[in-house]
Amino acid sequence: MNPSITVYVPRDVTALSLGADKVAKALVTEAAARGIELNLVRNGSRGLFWLEPLVEVATSAGRVAYGPVKAKDVAGLFEAGFLEGGAHPLGHGLTEEIEYLKRQERLTFARAGITDPLSLDDYIAHDGYRGLRRALGMTPEAIVAEVTESGLRGRGGAAFPTGIKWRTVLGCESAQKYIVCNADEGDSGTFSDRMVMEDDPFVLIEGMTIAGLAVGATMGYIYLRSEYPHAEATLKATIASAYAAGYLGDDVLGSGKAFHLELRRGAGAYICGEETALLESVEGKRGTVRPKPPLPAIEGLFGMPTVINNVISLASVPIILDKGGAYYRDFGMGRSLGTLPIQLTGNIARGGLVEKAFGITLRELLYEYGGGSASGRPIRAVQVGGPLGAYLPESQFDTPLDYEAFAALGAVLGHGGIVVFDDTVDMADMARYAMEFCAVESCGKCTPCRIGSTRGEELLDQIIVARSEGPQPGQIELLKSLCDTMLGASLCALGGMTPYPVLSALNHFPEDFGDTAEVR
């Protein structure tokens, strides 16, 4: 009997979908049969998805990793002495020495996969709430200055400087201000928000509380995508813990300063990721886009000054307040400072989350971290920044991840999601998908988005059919003209960015559209 042996099995939804609960049950059953007492901890995922469920054992040398583990592997692990870090075909040695993880710069995700997400004590034991404790001793102006110095830009897509947004709200005179967290993570290939909320939820709660202190807001809302029931359950439990321990409420840690937090679940409309449509939805209305100005920072939720940031932006704040803006600013390049949680998905051998300082190239991510395509075929294109992001060809894989470098290519970094395609992809089909996506998800408020996307889908259908029937002069130019209208006249980014994937596919892969010299 050895009560000191701690075994970790993730409770993240990715691990659960791959059988983590069955593995946990098998570990407990097998240990009991052998008279071994386990301290089983359901931690978060470290984001090494190709190894999930990743079982870790605490040893005197550190945590030792085994994965991907299935329930049928458990008896063999015991036979191999895995509780002492014994050798096994699924063994990877010390977790922290796995190259995929070892070479990352984890600031926002420093605790993900290490702690029990539901345990406030575990969060505090791993440097949690240090940022809030420091912020409570600072003036609102000093907190905003610290965030401004860090160079943190919105990680939700627009990349607007967070410090400037906060300063605007701080400068507004109002009886009530709000903090709204955009947790409507709806981009294809993205999961970093979900990971924060499932794997380290207190860091988001702490970041929102600091934001409230910075701008004078006493109320915050997390607007959560309906497809995230596990995140919802985790957030509800941890918000309750934070209230019970005095980290939320009328008197945060006895400071005399109030901050309350509620969870609001969206219905799953993509447009509600746009900040003004999100505000409409939180107010109980249909999620349609508001014209700007006024900016939400001045007239936001219920007409009051409102900070809207996404999950990663707010979750990056605690470490900035803990270690200082200069510490965070020293990561990155140019005007892209700090780190970006990058999500590798699609046709990739080693999918998962990679947090690195800005400046790493796509090629490094795709091959040194991702291990190339899962199919083993050449990678032909990657889409960065969600379903409205541009498609980048192999010739642009050496582009560093930097907001300005991507803008120069007519691309966006967006939420840091990278979807990989091998050389079997049909780029005309992908362009059509972009138009179809916009047609389905448009809120209908403006004509270029509502009608333009439908006409674009029809036009691409004609182009795809025409590829086998011979050249069709004029169709490509008509598609470009339609994209130009949507780019310049749409009310928000949904219609305004849909041309990005269409035009990039057309420009880099014209042969897939039948766009040959004789057609032109």
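The values are calculated or read from the model by the stated rules, or taken from the named source; none is laboratory data. None of the values given here were measured: they were computed from a predicted structure. Using ideal geometry, Cβ is built from the backbone for each residue, glycine included, and neighbour counts are taken over all protein chains shown. SASA here: full protein model, heavy atoms, side chains in, ligands and nucleic acids out. Shrake-Rupley method; radii C 1.70, N 1.55, O 1.52, S 1.80 Å.
What the table shows:
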quantity: Those residues of the stretch 246-284 which are of a type in the set (Lys, Arg) and closer than 17 Å to ASP184 by Cα, in sequence order; calculated: ARG264, ARG265
quantity: All positions within the stretch 456-497 that are part of a loop (DSSP other than H, G, I, E, B) and surrounded by fewer than 19 Cβ atoms within 10 Å (Cβ to Cβ); calculated: ARG467, SER468, GLU469, GLY470, PRO471, GLN472, PRO473, GLY474
quantity: Residue check, TYR247 within 26 Å of ARG106 (Cα to Cα), open to solvent by 20 Å² or more (accessible area, probe 1.4 Å), out of contact with any Asp or Glu (no Cβ under 6 Å at 6 or more places or on another chain) and of a type in the set (Phe, Trp, Tyr); calculated: no
quantity: Filtered residues of the stretch 21-52 (kept if closer than 26 Å to LEU107 by Cβ and either buried (at least 20 other Cβ atoms within 10 Å of the Cβ) or out of contact with any Gly (no Cβ under 8 Å at 6 or more places or on another chain) (or both)); calculated: VAL41, ARG42, ASN43, GLY44, SER45, ARG46, GLY47, LEU48, PHE49, LEU51, GLU52
quantity: Some residue of the stretch 197-219 being in contact with a His (Cβ under 7 Å, 6 or more places away or on another chain) and either of a type in the set (Val, Ile, Thr) or surrounded by fewer than 24 Cβ atoms within 10 Å (Cβ to Cβ) (or both); calculated: yes
quantity: Pick from the stretch 220-244, criterion among the polar types (S, T, N, Q) and open to solvent by less than 20 Å² (accessible area, probe 1.4 Å), ranking: farthest from the chain's Cα centre (by Cα); calculated: THR238
quantity: Test for MET430: is it more than 30 Å from TRP50 (Cα to Cα), assigned to a helix (DSSP H, G or I) and modelled with pLDDT of 95 or more; calculated: no
quantity: Selected residue (criterion: nearest to the chain's Cα centre (by Cα)) from residues of the stretch 53-70 that are open to solvent by 10 Å² or more (accessible area, probe 1.4 Å) and under 28 Å from GLY346 (Cβ atoms); calculated: PRO68
quantity: Identity of the residue in the stretch 353-369, under 14 Å from the mean Cα position of the chain (by Cα) and charged (D, E, K, R), that ends up least open to solvent (accessible area, probe 1.4 Å); calculated: GLU355
quantity: Considering residues of the stretch 286-331 that are among the charged types (D, E, K, R) and at pLDDT below 95 only, the residue least open to solvent (accessible area, probe 1.4 Å); calculated: ARG290
quantity: Members of the stretch 1-20 that are open to solvent by 40 Å² or more (accessible area, probe 1.4 Å), of a type in the set (S, T, N, Q) and part of a helix (DSSP H, G or I); calculated: SER17
quantity: Selected residue (only one of VAL64, VAL69, VAL74 is of a type in the set (A, V, I, L, M, F, W, C) and in a strand (DSSP E or B)); calculated: VAL64
quantity: In the stretch 333-352, residue most open to solvent (accessible area, probe 1.4 Å) [restricted to those that are of a type outside the set (D, E, K, R) and more than 19 Å from GLU368 (Cβ to Cβ)]; calculated: GLY334
quantity: Helices (runs of 4 or more DSSP H) fully within the stretch 81-168 counting 1 or more residues that are free of Cβ contacts under 8 Å to residues at least 60 places away in the same chain, of a type outside the set (Ser, Thr, Tyr) and closer than 21 Å to ALA217 by Cα; calculated: 140-150
